[in-house]
Amino acid sequence: MIARSTLILPCLAGLCACVSFPSVVPRQPVREDPYSKLDFRAGPAFPELALALVLSENTKNSIKFARQGEAWGGFDADAIMEQDIAMYRRNFKSVVKIDGMAQAKPAGADLVALVDRFAESKGMAIAFDVTLSFFDPDGRELDKVNAKSEGRFAKPSVGSLLSGAAMRNPAQVIHAAAEELRRKLEAGMLASSALKQYAAARAAAPSAAKPAAQAPQIQAAARAPLSDVDKPRYLGKPRADDFAFVVGIEKYASLPEAAFAERDAQAVQEHMLALGVPRRNLVYLAGPQAGYSAFNKYLESWLQKNVKPQSRVFFYFSGHGAPDPATGEAYLVPWDGDPSFLKETAYPLSRLYEKLGALRAREVVVALDACFSGAGGRSVLAKGARPLVTNVDAGRPGSGRVALLSAASGAEITSTLEEQGHGIFTYYLLRGLNGEARSASGEITAKGLFDYLKPLVQDEARRQNREQNPSLQLPSAGDPVLRKD
């Protein structure tokens with residue numbers, strides 16, 4: 001991202017050591033930001049379109065040089081790319097990366113964007129120039145969007161250095177220029193009449209003929225609702241040391257379906273990225289990928305090796321829980337779990353809390369959209385066992401750094417919102433993160449989120465003639481701040 005042929009970054013490393021620059025530096029006149037009044041957070045601009053990104057050779061070289069230059073400039077190249085990807089994700093139905101037009105149709109893309117990026121040094125400035133060329137899956141060009149931005153590096157004077165006056169360092173300049181470029185690209189996409197017309201035509205066009213045997217699945221997919229929480233309406237600052245482990249299991253190997261569990265996890269994944277978790281630090285498991293061995297691998301090895309003392313860790317699970325009828329111990333049921341052999345095939349909640357509590361992380365936040373009564377909803381029970389286990393022991397985190405939000409108490413079953421395509425708990429959890437649980441100070445804490453969602457979950461469950469009471473357990477270390485505007 002930060003090079004054409006010559007990097008500015010080596011000379012930036014010694015910038016603050018120079019003290020011979022003049023004390024007065026000409027400034028560009030202040031002018032109104034033309035994008036400041038535009039709101040890009042209201043939802044996807046093109047919810048009908050699945051986007052595929054193709055990176056030009058220029059872009060690949062830019063990324064390579066940027067990663068090499070991080071040590072000199074102090075910036076985070078991966079964080080910039082994560083923010084770029086998040087911009088596309090909040091405007092399209094889905095986003096994938098492909099290597100060329102030949103992969104567009106197999107990837108299920110409705111639209112292809114060729115990303116051509118340049119970055120070069122211009123004296124005491126870094127300049128970005130990006131062109132997005134949009135094509136349909138057959139390779140016909142639809143439109144182009146171009147954006148440029150520039151960041152200028154201040155020349156420190158002897159007086160400013162001696163007085164300790166605050167100055168923008170090279171990393172701040174680069175990140176600010178990248179953010180300006182991102183906003184301009186987003187504004188250009190939103191203003192493109194060609195893309196709007198194409199999206200409308202794509203939505204109205206009849207689907208291509210499919211074999212009769214596939215018709216029921218296609219009709220079911222068409223009925224799947226688009227929820228107002230599927231895409232985050234916010235974008236937090238990158239948090240390079242944060243981690244997230246997100247699991248959603250809807251269709252099990254040999255158990256009843258946990259309705260909408262995978263859709264829950266997909267939406268939670270998007271919100272984790274919006275909260276600033278780098279994609280490289282996020283594990284998402286669904287279906288057969290979410291087997292027992294995967295739980296062990298990521299919970300007991302990957303997180304243990306990678307989490308740092310300054311990290312914040314999120315764990316989310318949507319799927320079946322199960323109780324041991326003899327002991328009442330609660331388990332999370334992986335894709336290949338068997339309620340008749342819980343100790344051998346399922347993951348105990350007590351062990352989950354033990355492993356997460358042993359992490360070196362600053363704080364851990366756990367959210368469970370599962371239940372453990374064995375009476376239905378998102379819970380299962382061994383064949384022949386009585387239909388309700390009332391002595392469920394869901395345990396509690398022993399660490400002073402783990403906050404736990406649960407969808408229901410031990411003797412209850414969870415509910416879903418058919419019209420939103422989500423579990424009730426997850427739906428209101430994400431609505432809260434989208435801003436409805438924000439305090440007067442602009443913060444969303446674990447307790448603030450719980451206080452927001454609990455009465456809404458209770459009311460919705462009663463409308464379905466059942467009881468569902470979410471629970472919260474806060475760590476002794478205090479109430480974690482999940483989002484701050």
Practice problem: State, to one decimal in nm, how far the label point of K297 lies from the label point of Q197, with both points 7 Å from Cα in the Cβ direction. | Solution: 4.8
Practice problem: Multiply the residue separation of K144 and E57 by 0.36 nm, subtract the distance between their alpha-carbon atoms, and state the gained length in nm to one decimal. | Solution: 29.5 nm
Self-check item: Listed peptides 319-331, 48-60 by packing density, highest first (mean Cβ within 10 Å)
Solution: 319-331, 48-60
Quiz item: How much length is gained if the chain between S439 and K97 is pulled fully straight, taking 0.36 nm per residue apart and subtracting their Cα-Cα distance, in nm to one decimal?
Solution: 119.4 nm
Exercise. Any chance you could run the full-extension gain for R466 through K64? It's 0.36 nm times the residue separation minus the Cα-Cα distance, nm to one decimal.
Key: 139.2 nm
Exercise. Using a 10 Å cut-off on Cβ atoms, rank the peptides 190-202, 104-116 from the highest mean neighbour count down.
Key: 104-116, 190-202
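Any read-out appearing in this document is the output of simple, stated calculations on the displayed coordinates, not a laboratory observation. Keep in mind that this is a model prediction, so the values were computed, not measured. Cβ: placed from backbone, ideal geometry, glycine included. Neighbour counts: every protein chain shown.
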